Amino acid sequence: MTLVYALLGVVLAPFAGILVAGFDRILTAKFQSRTGPPLLQPLYDIAKLWAKEPMIAHRFQPLCVYIYLAAAMVSVALFFAQSDLLLIFFVQAVGAIFLVIGAFLVPSPFSQAGANRELIQILTYEPLIIIVLAGIYLTTGSFNISAIYAMDKPLLINLPLLFIVFGYALTIKLRKSPFDISASHHAHQELVRGVLTEYSGRMLALIELAHLYETILILGLCSLFWTTSIWGMVVLLALTYLIEIVVDNISARMSFRWMLKSVWTTGLALSAINLIWLYSGGRF
Amino acid sequence: MLKKIVEHSQIKSPWLVHYDCGSCNGCDIETLACLTPLYDVERFGVLNIGNPKHADVLIVTGTVNKRNKKVLKQIYDQMPSPKIVIAIGACGLSGGIFREAYNVVGGVDKVIPVDVYVPGCPAKPEAIIDGVVEGLAKLSEIQKAGKPKKEAIAS
Amino acid sequence: MFEILYTSLTLCPIVAALACLILPGKSTRSALVGMTGIILIASSVMLIWNGPVSSTPAFLSSAKFTTFIQIADFALLGLILYFGIKFNNRIISVLSLVQIAVLAAFELFILDGHGAPAGLFCDNLSLIMVLLISIAGSLIVFYALPYMDYHEHHLKLTKTRQPRFFALLLLFIGAMNALVLTNDLLLFYFFFEITTLCSFLLIGHDGNKVSRENSVTALWINSIGGTALLLGTVMIYLQLHTLDIQAVIGKLQGSDAMLIPLGLLCVAGFTKAAQMPFQKWLLGAMVAPTPTSALLHSATMVKAGVYLVIRFAPAFQGTALSTAVAVCGAFTFLSAAALAIGQRNGKKVLAYSTISNLGLILACAGINTHAAITAAILLVIFHAVSKALLFLCMGSIEQHIGSRDIEDMRGLFGEMPKTAMIITMGILTMILPPFGMLLGKWMAIESAAGNLFTLLMLALGSALTVVYWARWAGILMGSDYKGESRPEHLPDMARYPLLTLLGSAIVLSISAPFIYSKMILADFTGTAAYATTNGVMANASGSFAVIPLFMIAIGVFLFALAKSGPGKKGAKIAGPYMSGISGEENGTYVGPMNKITGSVQSNYYLSAFFGEKRLSGVVNATACALILIMIGVSI
Ligand code: SF4
């Protein structure tokens, strides 16, 4: 049964991801009083990229890209199999690391700078996510997702501050402003596409696909904060994503130093408060 | 079915890279005006991607001279096919008012094959959008005929 | 059977070491060293076969042996005192005098009825240590044979100093084996001091100014550990009237009564394992020839410290000392990882990573649950193998490109394809699931979740670790030759140790569930911390699917590798995007006046955040405070 869920998750996640990304682009356009692309635009982009002439910049690039995609798929599969949260996160990290290694392979200043910045992004969000997961453990007594579903109160009630911390990680992972530092969504001149610069055609299509998986995974983790009713979950997800888009639209891209400093200080302070509260037995 | 989706997608998602060969900037301003909310080319899936390795459409403004023709050719070569080139403005078409200058080679098509010519001095945003749409029609034609794209002309 | 194996694991390398000094000729020495290595590997494997035992061989309990050890103890301390005076280091002199005085008083006035040493004790922890020391140690010694030839050639030595070098390596391995098998605290102290002396002599081997200074540093820092260990031993004997390690642990079992001696033992372990603030000696130790570093960092020396703490962990389970050890270890894990980010010297990154990982192991020992100790033991295994591999690769690279700077290894794949591949794989075994190091880290974090400070530090440290490794692995495989590479000649004696280590890192990782259920579990009583069904390690708080993940990983890797072969048809190879006209060679562009201009690329080292200058002071001060707190809570 778990296997069926896992496979179902792997098959359906890209479609869900396309819809989410499509809505994202339309909403962003609306905020800027534009019409925006069709809903299925992310699908068109990926299919078009897939059909382009194969072109690589280094012989090991495909290796890195395929491992990135596989890691994203496996982590989604593990998520739908309700497995261990920490394990899911570590598997997902394999992909992130291989994306960086692939960018390091090519001696182009843009992809090198992007790779280094991507590492700083990983450095920024990784401890936060581990702490959030530990917070979940302290509430449910287990790292397994199934334990969260066994709860009769939503996690958000016990972990409100950790949810904000998770929001930081979410923004970085979704590559949204002010944290689209490594792959600059809008191809800013000093960076081109950063870590993605040297991937083209089919490789880029696979990366976009893997990013869809990651989006679903990270939204899935977000949904764990309200597991007691389906509507609560939907509202929570919709609200969170809406806030992400608004933040993306109203903020400028910041520097990685600012990111590291501000996210670590606020993130760690918020987590410490929430965790101390949990340790001191303030559960209800 | 899959083939259909791919074929459909190829004309639904043109990503641009814009190269200024030394225009008076009139055409550049008009090109960038297309990206503003007023014209909103994202309706057609157009993105200004800024990286030839990701782009499908090369938009060239200005006259080609002896110095930048190598750059132009390299950008073209770095784009994976299928790809189309749109020359914009009198300068991009023929060299325009700079045609007689000592360093000018002439229009874009002296260096790389051009698919769509958008005249004007400067070309109007509507005309440029028209040009991109025209280019997409050409792209699907290339796709249907399945013939490989011509190589660059001059070195 | 056990007695024979014990002799061949301890006495045999020590005798071979003496023979190395005496016998002339390079080929005799190579043969001798090779034979000893093979004997060591064979006997350690047979020891595993033989299983856990505890026994007291006749020769160990004879009065002659006891007297011999007593004399040797004083001779050893006298030697250390001599070096202290020779190098004019007051700390060493004072500490060795203190040790001589305490030891003399102890043996003359206090020790009575003790008589025979407590014999040998070999549980699964000792077995694992012996296996690591003997196999990783021997492979390192094999590798050293061609390495030292080149090294001496490079230094233009007229008279070879290899006899001394190999003698010390073998003596070191023998002493380590004896250390992990003994059940007598005084014997333990003796071998502990031998490893200190060996490391001092090995670090100073090249005999130049820097290596002499660094070896003296190593000696004075480790003398602190030796003194702490001796004082702890004496205090334990004063209260419990036994030096039998198992009896001591059995009597204490987490009681608060005797935390001071245990705290002293932990301090000894911390100095040996180069924990903050004692890290300086291990960082200095990298001036020695690479096989020395590999040996110090992987299976011997630092692992002696870790072994000491893990061994005594049951004795302070659940006490304040245990928590203090966890916090100290976690702090070292975090701070050493942060310092590693600021480094571009490859050997220094390796050194900081060793310190950091040992901190993680000690943090696990401090958390001190069944699951955490399991994590500690697994981390000891996987760290030893991967770290030996990385150091040996580093040695080959340094000899080939003449630099330790990570930035100089950019595009190493073009120069040294085989070594570059092996070291990249080695780095990946350090940070990625499903490899063993990550399994250990997973266990560590899951066990630490109940301890706020430890948890926060482990989370931050783990992210920092990923950065300094991934950054390094990334630039190794890039190449300036459009994906082509020159053929590389790797001597057999260098290649086989490297491949064996890499192979064992992978195979051991796959068999982690079996190592747990067959070996580690047996040392514990009570319910198992992890159930291992179908290669999945699981308990109530989580599960790690080791073997299924490995199957997926291998499948994906092979598929991805097939997709990226050198002659992949159809795929066009395009040069990097340089925003302008690229030059012929990768990474260059046509600049002003049509000149080909190279681009300079460098990783972020963030010295404003993580530089040694910026962090060292704060880190050392905090670490000293933590150590004082650790001793404080014992009182
Ligand atoms: S065509 Fe006219 S507006 Fe455009 S670049 Fe040339 S001179 Fe300027």
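Observations
- Just so you know, in segment C:495-552 the residues that are assigned to a loop (DSSP other than H, G, I, E, B), away from every other protein chain (no Cβ under 14 Å) and open to solvent by 50 Å² or more (accessible area, probe 1.4 Å) include one that is nearest to C:P52 (Cα to Cα), and it is C:F524.
- C:V467 at pLDDT 85 or above and either under 30 Å from C:K418 (Cα atoms) or surrounded by fewer than 20 Cβ atoms within 10 Å (Cβ to Cβ) (or both): yes
- Subset of segment B:13-27 (residues that are within 14 Å of chain A (Cβ to nearest Cβ), within 16 Å of the ligand (Cβ to nearest atom) and either touching an Asp or Glu at 6+ places or on another chain (Cβ under 8 Å) or open to solvent by less than 20 Å² (accessible area, probe 1.4 Å) (or both)): B:H18, B:D20
- B:I86 passes every criterion in (1) surrounded by fewer than 24 Cβ atoms within 10 Å (Cβ to Cβ); (2) more than 13 Å from the ligand (Cβ to nearest atom); (3) farther than 17 Å from C:A574 by Cβ apart from (1).
- Number of the condition not met by C:N88 [criteria: (1) modelled with pLDDT under 85; (2) assigned to a helix (DSSP H, G or I)]: (2)
- Residue within segment C:339-360 that is crowded, with 24+ Cβ neighbours inside 10 Å, among the hydrophobic types (A, V, I, L, M, F, W, C), farther than 25 Å from C:M409 by Cβ and over 11 Å from the mean Cα position of the chain (by Cα) present: yes
- Residue selected from segment C:276-322 under the condition within 14 Å of the chain's Cα centre (by Cα) and in a loop (DSSP other than H, G, I, E, B), by the criterion surrounded by the most Cβ atoms within 10 Å (Cβ to Cβ): C:A299
- Test result for C:I573, of a type outside the set (S, T, N, Q) and either modelled with pLDDT of 85 or more or touching a Leu at 6+ places or on another chain (Cβ under 9 Å) (or both): no
- One residue stands out among those in segment A:28-43 that are at the interface with another protein chain (Cβ under 7 Å from one of its Cβ atoms) and in a loop (DSSP other than H, G, I, E, B): the one that is most open to solvent (accessible area, probe 1.4 Å), which is A:S33.
- So A:L3, is it within 11 Å of chain C (Cβ to nearest Cβ), under 16 Å from the mean Cα position of the chain (by Cα) and of a type in the set (A, V, I, L, M): no
- A search for C-beta distances below 7 Å between a residue of segment C:20-47 that is closer than 21 Å to C:P497 by Cα and any residue that is open to solvent by 70 Å² or more (accessible area, probe 1.4 Å), counting only pairs 6+ apart in sequence or on different chains, returns C:R29/C:L23; C:L32/C:L23.
- Answer from C:A218, C:A178 - the residue that is closer than 28 Å to C:A315 by Cα and in contact with a Phe, Trp or Tyr (Cβ under 7 Å, 6 or more places away or on another chain): C:A178
- Matching residues in segment A:72-88 - criterion: being open to solvent by less than 10 Å² (accessible area, probe 1.4 Å) and more than 7 Å from chain C (Cβ to nearest Cβ): A:A72, A:S75, A:V76, A:L85, A:I88
- Enumeration of residues in segment A:99-117 that are more than 7 Å from every other protein chain (Cβ to nearest Cβ) and open to solvent by 10 Å² or more (accessible area, probe 1.4 Å): A:A113, A:R117
- Identity of the residue in segment B:107-123, in contact with a strand residue (DSSP E or B) (Cβ under 7 Å, 6 or more places away or on another chain) and within 13 Å of the ligand (Cβ to nearest atom), that ends up farthest from the other protein chains (Cβ to nearest Cβ): B:Y117
- Residues of segment A:71-95 classified as part of a helix (DSSP H, G or I), more than 13 Å from A:Y213 (Cα to Cα) and touching a residue at least 60 places away in the same chain (Cβ under 8 Å), total: 1
- C:V327 satisfies every condition listed in (1) aliphatic (A, V, I, L, M); (2) more than 21 Å from C:I373 (Cβ to Cβ); (3) surrounded by fewer than 24 Cβ atoms within 10 Å (Cβ to Cβ) except (2).
- Single match in C:M421, C:M443 (criterion: within 14 Å of chain A (Cβ to nearest Cβ), open to solvent by 10 Å² or more (accessible area, probe 1.4 Å) and outside any loop (DSSP other than H, G, I, E, B)): C:M421
- When C:T500, C:T454 are screened for being touching a residue at least 12 places away in the same chain (Cβ under 8 Å), polar (S, T, N, Q) and farther than 26 Å from C:A538 by Cβ, only C:T500 passes.
- Residue check, B:L2 free of Cβ contacts under 8 Å to residues at least 24 places away in the same chain, in contact with a helix residue (DSSP H, G or I) (Cβ under 8 Å, 6 or more places away or on another chain) and more than 12 Å from the ligand (Cβ to nearest atom): no
- Residue in segment C:88-102 that is surrounded by 14 or more Cβ atoms within 10 Å (Cβ to Cβ), in contact with a strand residue (DSSP E or B) (Cβ under 6 Å, 6 or more places away or on another chain), in contact (Cβ under 8 Å) with a residue 40 or more places away in the chain and closer than 25 Å to C:Q246 by Cα present: no
- Residue within segment C:579-593 that is open to solvent by 70 Å² or more (accessible area, probe 1.4 Å), in contact with a helix residue (DSSP H, G or I) (Cβ under 7 Å, 6 or more places away or on another chain) and facing chain A (nearest Cβ under 10 Å) present: no
- Complete set of residues in segment C:17-41 that are in a helix (DSSP H, G or I) and open to solvent by 50 Å² or more (accessible area, probe 1.4 Å): C:L18, C:L21, C:I22, C:K26, C:S27, C:T28, C:A31, C:M35, C:I38, C:I39
- Exactly one residue out of B:I84, B:I97 is out of contact with any Gly (no Cβ under 6 Å at 6 or more places or on another chain) and hydrophobic (A, V, I, L, M, F, W, C): that is B:I97.
- Just one residue in the set A:G141, A:G167 is open to solvent by 10 Å² or more (accessible area, probe 1.4 Å) and at pLDDT 90 or above; that residue is A:G167.
- Tally of residues being among the small types (G, A, S), crowded, with 22+ Cβ neighbours inside 10 Å and more than 7 Å from chain C (Cβ to nearest Cβ) across segment A:48-71: 1
One line per residue, one yes/no per condition, for (1) within 16 Å of the ligand (Cβ to nearest atom); (2) open to solvent by less than 10 Å² (accessible area, probe 1.4 Å); (3) at pLDDT 90 or above:
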{"residue": "B:G45", "(1), (2), (3)": "no, yes, no"}
{"residue": "B:V60", "(1), (2), (3)": "yes, yes, yes"}
{"residue": "B:N65", "(1), (2), (3)": "yes, no, no"}
{"residue": "B:L72", "(1), (2), (3)": "yes, yes, yes"}
{"residue": "B:S81", "(1), (2), (3)": "no, no, no"}
{"residue": "B:I97", "(1), (2), (3)": "yes, no, no"}
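The values are calculated or read from the model by the stated rules, or taken from the named source; none is laboratory data. Small disclaimer: the values here were computed from a predicted structure and weren't measured. Note: ideal-geometry Cβ built from the backbone for every residue, glycine included; neighbour counts use all protein chains shown. The protein model used for the area step is the full one, side chains on, heavy atoms only, and it has no ligands, DNA or RNA in it. Shrake-Rupley method; radii C 1.70, N 1.55, O 1.52, S 1.80 Å.
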